[in-house]
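Working notes for the structure below.
The values are calculated or read from the model by the stated rules, or taken from the named source; none is laboratory data. Every value quoted in this text rests on a predicted model; they were computed, and no experiment measured them. Every residue, glycine among them, receives a Cβ derived from its backbone with ideal geometry; neighbour counts consider all protein chains shown. All accessible areas refer to the heavy atoms of the entire protein, side chains included, with ligands and DNA or RNA removed. Shrake-Rupley method; radii C 1.70, N 1.55, O 1.52, S 1.80 Å.
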Amino acid sequence: MTNYLAVERALRTAAPHALVEAARAALAEHYGATDVELLMADYSLTVLQPVDAPARPDGPVPVNGSPEGRAFGSQTPYERTAPGRGDSVVLHLPVTVRGDRLGVLDVTLPQDRRTTGAVHDLTEIAQLLGHEIIVAERDTDLYLRARRVSRLTLAAEMQWQLLPARACSRPEYAIGAQLEPAYAIHGDNFDWSTTADTLTLTVTNGMGEGIEASLLTNLAVNALRNARRAGIGIADQAALADQALYAEYRGASHVSTLLLTFELATGNVQVVDAGSPQLWRRRGRTVERVGLEAQLPLGMFDETAYAVQEFQVLPGDRLVFVSDGVYAARNRAGEPYGERALARAIQAAGLLHAPSVPRAVLLALAEHRDAEPEDDALVVCLDWFGAKGGPEG
């Protein structure tokens, strides 16, 4: 415990840009680590990038097929003998904050310093490092730069800055979300917020391209947040966001949105369907689209009134939200992806945890499309465990 507390103190007092250096020095002193490296997952969740580029001259590590990717995907530590060094082991440790998978911490230890207690401590230290990174990102771009393998478009930069995270978990639920193409997204977005009693989730499909789409989505998301933070229900949230958009665009641009509030104790869900995002449910072996009463998109007409619908989620349910860039995507022959293919993709991802499901669905979509995407593709997965909770997704 003394060693752990010393490393914790070193991380908490380190400069925002110097967390890796602080971890490297503290782990060497207190655990005998001979090498420490932090790898961050890129926006498309396909590679893990070193924060100190010189530390790995061979570049990014693929998530698929690598020891680091195995730890990242399974969210459990993975251990192996250090390459070319039989007297040492490498621990690949997930760096995750409340379900949001940031990357992997690699720690190389001499065999005689690898104990059960040391592995436990280092696993906890990797999580602590994740929390410190989230705080440090207020003051440095170092960790954000490490997440990108190429330059983001300005519109994509604006969209990513709007997002809460790519995953979130509590005993009652686990969420995972992904946007593609990650480096040039247009108007799709997701957002969530939780209290002691509720989870509010929004899935947004903005119209247009580039900066215009990003500005439209920024206004919509911030209008919804402003209304939500005033403590009003989702019908009024939709109405106030609708007014904000109409006042700015006079109906020339609009935003399709699904707004949902989950009551954590009961699984009762209130929903406003204001446009094109679809909701699918996997319950047991059955995958089906949840039919909702479609209402007008936000900003299409002045002073639109929105009505709330209700349905129930049960422990074990998986909800998958998709934008029209998924279900309406066409291949080279002009054939849409369609509901049958989407249902198969959701079923095929049944054994994956929630944060891995969006990527799996988007990979299935990419195989169908076999071409550059013409629109954003957004997938959000929510696994519902119920009031007593269950295994983290």
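Restricting attention to the stretch 300-319, the residues that are part of a strand (DSSP E or B) and either open to solvent by less than 20 Å² (accessible area, probe 1.4 Å) or in contact with a Cys (Cβ under 7 Å, 6 or more places away or on another chain) (or both) total 2.
Filter the stretch 109-120 for residues that are touching a residue at least 24 places away in the same chain (Cβ under 8 Å) and either over 19 Å from Arg80 (Cβ atoms) or part of a loop (DSSP other than H, G, I, E, B) (or both) and give the result. Correct list: Arg114 only. Every test in (1) open to solvent by less than 10 Å² (accessible area, probe 1.4 Å); (2) closer than 30 Å to Ala360 by Cβ; (3) of a type in the set (Val, Ile, Thr) is passed by Val7 save one, and that test is (2). Scanning the stretch 285-295 for any residue that is more than 30 Å from Glu372 (Cα to Cα) and in contact with a helix residue (DSSP H, G or I) (Cβ under 6 Å, 6 or more places away or on another chain) turns up nothing.
In the condition set (1) in contact (Cβ under 8 Å) with a residue 60 or more places away in the chain; (2) on the phi < 0 side of the Ramachandran plot; (3) open to solvent by 10 Å² or more (accessible area, probe 1.4 Å); (4) not in a strand (DSSP E or B), Arg24 is compliant with all but (1). Screening Leu365 on (1) assigned to a loop (DSSP other than H, G, I, E, B); (2) of a type in the set (A, V, I, L, M); (3) open to solvent by less than 20 Å² (accessible area, probe 1.4 Å) shows it passes everything except condition (1).
Considering only residues that are loosely packed, with under 14 Cβ neighbours inside 10 Å and part of a loop (DSSP other than H, G, I, E, B), which ones fall in the stretch 65-91? Passing the criteria: Gly65, Thr76, Pro83, Gly84. In the stretch 264-275 there is no residue matching the filter, namely being touching a Cys at 6+ places or on another chain (Cβ under 8 Å), assigned to a strand (DSSP E or B) and over 21 Å from Arg225 (Cα atoms).
Residues of the stretch 36-48 that are farther than 18 Å from Ala167 by Cβ and either modelled with pLDDT under 95 or β-branched (Val, Ile, Thr) (or both): Val36 alone. Is it the case that Gly117 is of a type in the set (Gly, Ala, Ser) and crowded, with 18+ Cβ neighbours inside 10 Å? Taking the combined requirement at face value, the residue does not satisfy it. Of everything in the stretch 238-262, what is more than 22 Å from the chain's Cα centre (by Cα), under 17 Å from Arg228 (Cα atoms) and open to solvent by 10 Å² or more (accessible area, probe 1.4 Å)? Give them in sequence order. Once the filter is applied, which keeps residues that are more than 22 Å from the chain's Cα centre (by Cα), under 17 Å from Arg228 (Cα atoms) and open to solvent by 10 Å² or more (accessible area, probe 1.4 Å), the stretch 238-262 yields Ala239, Leu240, Gln243, Ala244. Kindly check whether there is at least one residue in the stretch 304-318 that is in contact (Cβ under 8 Å) with a residue 60 or more places away in the chain and among the basic types (Lys, Arg). Looking for residues that are in contact (Cβ under 8 Å) with a residue 60 or more places away in the chain and among the basic types (Lys, Arg), one finds at least one in the stretch 304-318, hence yes. Of the strands (runs of 3 or more DSSP E) contained entirely in the stretch 147-221, those carrying at least 2 residues that are surrounded by fewer than 21 Cβ atoms within 10 Å (Cβ to Cβ) fall at 188-194, 198-206.
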